[in-house]
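Asks: Here's a structure for you.
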Amino acid sequence: MSDCLFCKIFNGSIPSNKVYQKGKVIAFHDIQPLASIHVLFIHENHAANVNEMNSSDVAEVFSAIKEWTQSQKLPSSGFRVVVNSGPHAGQTVFHTHFHVLGGESLGSFGRR
Ligand code: AMP
Ligand code: ZN
């Protein structure tokens, strides 16, 4: 998609602070972090929301999350994966992204 922010981040035409790249998956720091660790994982293939992703692409993103969180020793302290989809979830960028948050004790989520 020529007019998609995260497609442009994937292809490097918009800069990002990258922490991971393998195959068709990258991860980079969120510009407005909500935790001391807050990175976004995306797949190269554009899909507006998670239900529009191919299952195999979702699996590729999750194996990247597994590899990276293990490299950061996050599983022992804990971390959260969030995928906002649509208006009620507050999705603002319509290229599916998987928020990974951690590095501190996280607040609750849901209605507030
Ligand atoms: P969401 O609300 O789930 O759609 O999340 C979009 C996320 O993208 C927000 O947390 C933003 O802070 C983040 N974001 C927007 N633009 C950029 C950018 N250029 N680089 C990194 N993160 C961004
Ligand atoms: Zn895109």
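The values are calculated or read from the model by the stated rules, or taken from the named source; none is laboratory data. Model, not experiment: these values are computed from the prediction. Don't worry about glycine lacking a Cβ; one is built from the backbone with ideal geometry, like all the others, and counts go over all protein chains shown.
Asks: Of the residues that sit in segment 29-64 and are more than 28 Å from residue 105 (Cα to Cα) and without any contact (Cβ under 8 Å) to a residue 24 or more places away in the chain, which one is surrounded by the fewest Cβ atoms within 10 Å (Cβ to Cβ)?
Replies: 55
This table checks each residue for (1) over 17 Å from residue 23 (Cα atoms); (2) modelled with pLDDT of 95 or more; (3) away from ligand 2 (no atom under 15 Å from the Cβ).
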residue	(1), (2), (3)
39	yes, yes, yes
51	yes, yes, yes
65	no, yes, yes
78	yes, yes, yes
82	yes, yes, yes
108	yes, no, yes
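Asks: Just the residues that are among the β-branched types (Val, Ile, Thr) and surrounded by fewer than 17 Cβ atoms within 10 Å (Cβ to Cβ), please, taken from segment 65-82.
Replies: Hits for segment 65-82 are 81, 82.
Asks: Of the numbered conditions (1) in a helix (DSSP H, G or I); (2) within 16 Å of ligand 2 (Cβ to nearest atom), residue 91 satisfies every one except a single condition; which is it?
Replies: For residue 91, the exception is condition (1).
Asks: Starting from segment 94-112, take each residue that is closer than 22 Å to residue 3 by Cβ and list its partners that are of a type in the set (S, T, N, Q), counting only C-beta distances under 6 angstrom and pairs at least six apart or across chains.
Replies: 96/49
Asks: Scan 31, 14, 9, 26 and give me the residue that is in a helix (DSSP H, G or I), of a type in the set (A, V, I, L, M) and modelled with pLDDT of 95 or more.
Replies: The unique qualifying residue is 9.
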